[in-house]
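The values are calculated or read from the model by the stated rules, or taken from the named source; none is laboratory data. Everything numeric in this text was worked out from a predicted model, so none of it was measured. Cβ: placed from backbone, ideal geometry, glycine included. Neighbour counts: every protein chain shown. For the accessible areas, the whole protein counts, side chains as well, though only heavy atoms, and no ligand, DNA or RNA atoms are used. Shrake-Rupley method; radii C 1.70, N 1.55, O 1.52, S 1.80 Å.
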Amino acid sequence: IGDEESGYNKNLFCIPKHYEEDLERVFIPHGLILDRTERLARDIMQDMGSHHIVALCVLKGGYKFFADLLDHIKALNQNGDKSVPITVDFIRIKSYC
């Protein structure tokens with residue numbers, strides 16, 4: 001997102017009460033994030049071919065995205081013409097530095 005991006009007016013969204021005073025604008029709507037997550041799942045399935053997928057989630061921040069991504073991958077796995085084995089694991093790290 002560029003510095004000149006003005007985002008979307010917060011009145012277009014359902015904002016939780018505890019964020020109303022702190023939030024000025026929405027830069028990336030939830031639907032766009034979901035769409036890009038689904039596209040990423042499709043790209044992963046295409047790139048991996050029939051290879052085993054090992055999905056590793058970094059806890060304390062990545063869980064919701066990870067769960068959404070895996071849901072899309074599982075749906076593609078069930079509804080597609082091929083099924084790819086998936087192993088899921090979780091790690092916790094002390095620092096991102």
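Of note:
- Scan region 66-87 for residues that are touching a helix residue (DSSP H, G or I) at 6+ places or on another chain (Cβ under 7 Å) and open to solvent by 60 Å² or more (accessible area, probe 1.4 Å) and the total you get is 1.
- Some residue of region 27-41 being touching a Pro at 6+ places or on another chain (Cβ under 8 Å) and open to solvent by less than 100 Å² (accessible area, probe 1.4 Å): no
- The set of residues in region 42-62 that are in contact (Cβ under 8 Å) with a residue 24 or more places away in the chain, open to solvent by 20 Å² or more (accessible area, probe 1.4 Å) and under 25 Å from K94 (Cβ atoms) comprises V54, L56, V58, L59, K60.
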